[in-house]
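The structure under discussion appears below in the form of structure tokens.
The values are calculated or read from the model by the stated rules, or taken from the named source; none is laboratory data. Predicted model only: the values in this text are computed from it and were never measured. All Cβ positions, glycine included, derive from the backbone under ideal geometry; neighbour counts span all protein chains shown.
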Amino acid sequence: MVKKRSSILLGITTLILGLSGPALVSRAALSATPAVSIDSQPLGVSVRRTVIPAYTFMTTDPLEHGHPAFVRLALGSQDPNRQEAVLSVYPLAGLLSTNPGDEGRRIQAQISRLRTLIKTRTNKVQGELPYLLEPNSSQVFAAAPRYLDFPGASGLRYLTMYSFDASPVTNDRMFYTFQGLTTDGRYALVLTYPVSTRHLPANDDAVPSALRTALEQGVGYSAYLTRTARTLSAARPADFSPPLDKLDAVARSIRIRH
């Protein structure tokens, strides 16, 4: 039997979505978006392509990053209570021009740090790891970092969680991300996918009461995060659902044509 490759190469039939529903994208902007392919077979999910219209950052709406028109591939059905399973492909030049001022400088700093890490392949990374359009909260931890290379792009994958407070690390908050750059310097690649593991409680309700009380009192949070990151980094790929090696295979299958 010949297996059907569950990949997608799209550049013609496109659903156009705006921030609050359907929106118009100029023919020039649509034709400028690259053809993006990804093999979702390791995860057994379908892929849906959209082109997100451009949006310029405004200080009156600081929770929304600016961005040029970009391609977004949704991987499978989305759980509204978890991190989205999506690949976003941003034109780098437009990403900076749609985020003027301090916001653009923050994004440029993330791009520069990612570029440096890809070049130097530093194994012992200190502090937060790069996240190109960072959520409006804090990166609580980063674990299991690994550099990935494939034709036309390179980047860094890791496990992380974002929060506004000293929240426990739970499966419903943790996710896998790949932050990458194309070798021609034209595009940034951001892949996110929710993951879970037996090493973490499922959600807040499953957090041991003693740990919850300590965190609520602000006791030992930094040490707790360090232990958690070490545990996750030492775990096998098969200890996660989906397995990390399958997510890596999906990330490595990304291809950009323009």
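Values for this structure:
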{"item": "Cβ-Cβ under 7 Å pairs, at least 6 apart or on other chains, segment 110-125 side in a loop (DSSP other than H, G, I, E, B), far side surrounded by 14 or more Cβ atoms within 10 Å (Cβ to Cβ)", "result": "Arg121/Tyr147; Val125/Leu117; Val125/Pro145"}
{"item": "Residues that are under 28 Å from Thr56 (Cβ atoms) and at pLDDT below 85, drawn from segment 115-136", "result": "Glu134, Pro135, Asn136"}
{"item": "Total residues in segment 160-174, condition buried (at least 23 other Cβ atoms within 10 Å of the Cβ) and touching a Leu at 6+ places or on another chain (Cβ under 8 Å)", "result": "4"}
{"item": "Residue tally, condition modelled with pLDDT under 90 and either among the charged types (D, E, K, R) or crowded, with 17+ Cβ neighbours inside 10 Å (or both), over segment 31-54", "result": "1"}
{"item": "Filter result for Asp239 (over 18 Å from the mean Cα position of the chain (by Cα), of a type outside the set (S, T, N, Q), surrounded by 12 or more Cβ atoms within 10 Å (Cβ to Cβ) and at pLDDT 95 or above)", "result": "yes"}
{"item": "Leading residue by the ranking (surrounded by the most Cβ atoms within 10 Å (Cβ to Cβ)) among those in segment 175-210 that are free of Cβ contacts under 8 Å to residues at least 40 places away in the same chain and assigned to a loop (DSSP other than H, G, I, E, B)", "result": "Leu200"}
{"item": "Given (1) free of Cβ contacts under 8 Å to residues at least 40 places away in the same chain; (2) within 20 Å of the chain's Cα centre (by Cα); (3) in a helix (DSSP H, G or I), number of the condition Ala229 does not satisfy", "result": "(1)"}
{"item": "Segment 76-92 - residue that is touching a helix residue (DSSP H, G or I) at 6+ places or on another chain (Cβ under 9 Å) and of a type in the set (A, V, I, L, M) and, of those, farthest from Gly155 (Cα to Cα)", "result": "Ala85"}
{"item": "Matching residues in segment 130-171 - criterion: being farther than 30 Å from Ala210 by Cβ, part of a loop (DSSP other than H, G, I, E, B) and either touching a His at 6+ places or on another chain (Cβ under 8 Å) or of a type outside the set (Ser, Thr, Tyr) (or both)", "result": "Pro130, Leu132, Leu133, Glu134, Asn136, Pro151, Gly152"}
{"item": "Per-region count, segment 224-253, residues over 21 Å from Ala166 (Cα atoms) and of a type in the set (Lys, Arg)", "result": "3"}
